[in-house]
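Scroll down for the structure; my scribbles are underneath it.
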Amino acid sequence: MTMRFTLVLAILILILALPAAAFAAEPLLNQPHWSLGIKGGWFYPDIDNWKTYYGDDKTWQYAGSLAYKLTNRVEVGVEGGISKDQGQGKGAISGTVVGNVTYEVFPLQVFVLLRGALIENQLIVPYVGGGWTRMFYEEKIEGQGTIHGHADGYHGRAGLQFLLDGADITATRNLLRDYGIYHTYFFFETQYSRAMINDLSGASVNLGGTSYLMGLQFEF
């Protein structure tokens, strides 16, 4: 599923769900103000010939986010992540033929998120968002030292959250009483990021790419 298709799907779900807003329940006196997310999955870099030099067209990615809820439908937050791979051949940033190379990228993102939360305890919540991205990168080349730096760009994201509160009512109540966690979600998310630099040969390189992630989100 491409990023474009995911974004269109999420927007359509939001539009189709609008009539349900008329039946929204009265808001609770106490509402969560923060959300904490942890996630992991696959990152498909946009760097040319990645599979040739690293053995696969993807690598793993982990990330965590913290967001403040302006309303139940609008959040602003920050996210940090990491991806890493090892290969042989050509350096992704140096653009030169090398031996063993370790490539790491650390995306830092500031984002705005729009959630289709129209009623209290909605079981499935679609969302879309995006914002500013800074990609920190480091390329360690065997016998040739390390190249590192950063590039600025942007990203977009879309996904679906699945409310887990009803799976275990007792555990949900205990989380609220002991830790102040109102809701717990399992989610799937797609991201696309773009942050351009020039490698040592002068060619343009996008340090971003497409990510397919899943994780847990806690509202408190």
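For this structure, a couple of remarks:
- Condition met for GLY143 (out of contact with any Ser or Thr (no Cβ under 8 Å at 6 or more places or on another chain), surrounded by fewer than 17 Cβ atoms within 10 Å (Cβ to Cβ) and not in a strand (DSSP E or B)): yes
- For the stretch 91-116, residues that are assigned to a loop (DSSP other than H, G, I, E, B), at pLDDT below 95 and either of a type in the set (Ser, Thr, Tyr) or touching a strand residue (DSSP E or B) at 6+ places or on another chain (Cβ under 7 Å) (or both) total 5.
- Which numbered condition ARG177 misses (of (1) modelled with pLDDT under 95; (2) closer than 24 Å to ALA63 by Cβ; (3) of a type in the set (D, E, K, R)): (2)
- Members of the stretch 173-195 found to be free of Cβ contacts under 8 Å to residues at least 60 places away in the same chain and closer than 30 Å to TYR137 by Cα, listed by number: PHE186, PHE188
- Candidate set from the stretch 146-181 (those that are closer than 18 Å to LEU216 by Cα and in a strand (DSSP E or B)); member that is nearest to the chain's Cα centre (by Cα): ARG157
- Selected residue (only one of TYR103, TYR127, TYR137 is closer than 24 Å to THR71 by Cα, among the aromatic types (Phe, Trp, Tyr), buried (at least 21 other Cβ atoms within 10 Å of the Cβ) and in contact (Cβ under 8 Å) with a residue 24 or more places away in the chain): TYR127
- ILE38 fulfils the conditions (1) under 21 Å from GLU219 (Cβ atoms); (2) modelled with pLDDT under 95 except for a single criterion, (2).
- Residue check for LEU18: modelled with pLDDT of 60 or more and either small (Gly, Ala, Ser) or out of contact with any His (no Cβ under 9 Å at 6 or more places or on another chain) (or both): no
- Sole exception among (1) touching a helix residue (DSSP H, G or I) at 6+ places or on another chain (Cβ under 6 Å); (2) assigned to a strand (DSSP E or B); (3) more than 17 Å from PHE186 (Cα to Cα) for VAL128, by number: (3)
- Qualifying residue in the stretch 191-201 (condition: surrounded by fewer than 17 Cβ atoms within 10 Å (Cβ to Cβ), of a type in the set (Gly, Ala, Ser) and at pLDDT 90 or above): no
- With respect to the conditions (1) modelled with pLDDT of 90 or more; (2) in a strand (DSSP E or B); (3) surrounded by 15 or more Cβ atoms within 10 Å (Cβ to Cβ), TRP60 lacks only one, and its number is (3).
The values are calculated or read from the model by the stated rules, or taken from the named source; none is laboratory data. Please read these numbers as outputs of a predicted model, since none were measured by experiment. Because the Cβ atoms are built from the backbone with ideal geometry, glycine has one as well, and the counts that use them run over all protein chains shown.
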